[in-house]
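Take a look at the structure below.
The values are calculated or read from the model by the stated rules, or taken from the named source; none is laboratory data. Fair warning: this is a prediction, and the values are worked out from it, not measured in the lab. Virtual Cβ from ideal backbone geometry, glycine too; neighbours counted across all protein chains shown.
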Amino acid sequence: MNNLSFLDFAVILIYLIGIIIYGISKSKRSSSEDYFLGGRTMTWPIVGIALFSANISSSTLVGLASDAYQTNINVYNYEWYAVVVLIFFAIFFLPFYLRSGVYTMPEFLERRYDSRSRYYFSFITVVGNILVDTAAGLYVGKIVLTLVFPQMDSDLILVILAVAAAAYTIPGGLNSVIQTEVIQAVLLILGSCLLTYFAFDRLGGGWNLMTTKLDAMLAAGDVNFGDRLAEGKFIPQNSEEVFSLVRPSNDEFMPWWGLLSGVPLLGFYFWANNQFMVQRVLGAKDLNHGRMGALFAGLLKLPVIFIMVVPGILALLLFNSLDITGLNYQLTNGEICADLSNCPNLTYPVLLFNLLPAGILGLVVAGLMAAMMSSVSATFNSASTLVTMDFVRQINPKLTSKQLVKSGQITTAILVVLAILWVPQIEKVSDSLWTYLQLVIAFTSPPAVSTFILGMFWKRGNGTGSIVSLLVGFSLAVFMILSQGFDWVPAINEIHFLGKASILFIISIVVHVVVSLATEPPPANQVAEYTYKKAIFDAETIELRPLPWYKNYRKLAIILLIVTGIIVGYFW
């Protein structure tokens with residue numbers, strides 16, 4: 001089932017060699033600003049495509065198809081919500097990030113609060129980038145490519161993936177990362193479109209035929225819903241319910257109230273506070289290019305439902321009863337996976353191997369590798385920026401710009417080794433990797449989100465309130481993570497993870513407010529320079545007034561919201 005032709009191997013090999021050479025040729029390392037922020041010369045199309053490419057990782061591709069196969073189409077809520085978050089980010093937060101000239105998000109926290117918040121958030125972000133983002137991306141890439149190349153040792157594949165991503169990240173810095181992400185995003189979108197086309201072609205029709213066959217399959221009871229039946233969870237009865245983005249309160253994946261509370265928190269952290277995403281916007285040529293790039297990234301997220309989610313539903317219709325023992329994929333109990341109902345994470349590779357002709361299969365596999373390399377190189381670069389600028393430069397402020405670049409390169413090399421060593425640990429939770437990633441973000445992001453939001457919009461928030469709320473929120477998050485599966489905390493275990501995220505956010509807000517009011521107010525300069533005020537909005541209104549609509553980011557944001565509303569309304 002998973003035999004690649006000579007042409008496929010040639011396409012993959014040419015891509016790998018070509019992208020490494022191209023990345024190195026685009027390196028900028030004459031100064032620390034060049035290496036870590038690409039010289040702050042990125043135009044809006046590059047910023048937008050880089051944001052999209054870094055976001056759509058190998059775990060995202062596999063996860064979207066897997067969830068769709070299980071009829072969890074509401075996973076698309078994470079995608080369209082990015083539009084709302086990016087617009088909010090572009091209006092309120094991005095101007096402060098760019099005008100302050102910071103290299104990292106923790107550095108901005110120091111500007112608004114103090115060094116305690118900076119070092120805490122920097123350390124947590126580095127650990128998360130390596131142990132969660134990078135290692136998970138490598139792990140999923142390893143699993144998929146082990147199926148593609150069964151004759152190769154899985155550990156060797158892991159090393160090849162990490163080294164390939166680091167080959168241009170270490171010498172080239174952010175500019176190499178972003179320039180390669182542009183190529184990879186184009187390949188990724190093209191590959192997803194081709195996969196969707198061939199899936200509909202195999203089905204023998206378009207959207208109407210898909211929904212008709214899905215209705216028939218659900219009516220006949222031919223869909224295996226696993227534990228949902230025993231646990232009384234929501235089960236869609238027809239295609240209309242499958243494609244509904246709003247689910248009842250007993251939905252195990254995303255109940256309707258989680259869409260209103262938990263999803264915005266996770267989205268805000270990912271797009272507005274996470275270093276490996278925001279760093280791309282920090283490299284923008286100016287504020288206008290940064291804003292336009294953020295809006296462009298939001299626009300690119302909208303078609304994801306058609307080219308990355310719908311193929312999972314098509315796999316349910318086409319390959320629900322397919323014997324996949326030929327993939328030799330082992331379950332945790334050592335048994336070989338026999339069908340997709342027991343191994344939904346194999347949905348994406350099954351689509352690849354069964355639909356794509358020679359040559360195109362190699363192209364799409366190269367696209368999958370592109371997605372993995374984009375996310376891994378992004379986290380390598382952002383983590384090395386955090387370590388260098390938030391720790392190394394603070395320990396030795398006398399280091400020259402070239403010495404800082406060298407420190408970043410050494411740090412990246414060390415992080416590559418750490419990520420490779422950590423990947424085998426993730427295998428212990430491989431059956432729930434996608435859920436695991438969501439849980440970790442849901443537990444760790446609310447304290448950070450509360451700190452950034454209060455810092456921007458509440459003048460009384462101070463450094464003590466920030467660090468206390470961060471530590472309290474982190475402690476509660478650790479407790480919730482450790483309590484998973486233990487009967488002695490049933491009340492906590494019964495709460496949906498999006499509900500836990502909302503609770504953590506509220507507690508962090510309350511702690512921050514109470515501690516800030518009980519201690520000294522922040523210095524006047526911090527309040528004046530790093531909190532939003534109506535005067536900023538009024539000044540921008542005057543600046544934007546003479547511009548045509550296609551250069552006015554506010555009007556473009558409104559158009560983007562209207563388009564988003566139409567798509568979401570259709571699937572509501």
Of the residues Leu322, Leu287, which is surrounded by fewer than 24 Cβ atoms within 10 Å (Cβ to Cβ), among the aliphatic types (A, V, I, L, M) and closer than 18 Å to Val85 by Cα?
Leu287
Looking only at the stretch 446-466, and only at residues there that are part of a helix (DSSP H, G or I) and of a type in the set (A, V, I, L, M, F, W, C), the one that is surrounded by the most Cβ atoms within 10 Å (Cβ to Cβ)
Ala448
Could you check, for the stretch 215-228, whether at least one of its residues is surrounded by 14 or more Cβ atoms within 10 Å (Cβ to Cβ), without any contact (Cβ under 8 Å) to a residue 40 or more places away in the chain and more than 16 Å from Leu316 (Cα to Cα)?
yes
Among helices (runs of 4 or more DSSP H) entirely inside the stretch 467-572, those with 1 or more residues being at pLDDT below 95 and among the acidic types (Asp, Glu) are 524-530, 534-544
Of the residues in the stretch 545-570, how many are surrounded by 14 or more Cβ atoms within 10 Å (Cβ to Cβ) and farther than 17 Å from Leu299 by Cα?
0
Please go through the stretch 442-469 and give me each residue that is within 22 Å of the chain's Cα centre (by Cα) and not polar (S, T, N, Q), ordered by number.
Ala442, Phe443, Pro446, Pro447, Ala448, Val449, Phe452, Ile453
Being of a type outside the set (A, V, I, L, M, F, W, C), assigned to a helix (DSSP H, G or I) and surrounded by fewer than 24 Cβ atoms within 10 Å (Cβ to Cβ): is that true of Tyr97 here?
yes
From the list Thr385, Thr411, pick out the single residue that is hydroxyl-bearing (Ser, Thr, Tyr), surrounded by 19 or more Cβ atoms within 10 Å (Cβ to Cβ) and touching a Gly at 6+ places or on another chain (Cβ under 7 Å).
Thr385
Taking the criterion of being farther than 17 Å from Gly267 by Cβ, of a type in the set (Lys, Arg) and modelled with pLDDT under 80, would at least one residue in the stretch 122-142 satisfy it?
yes
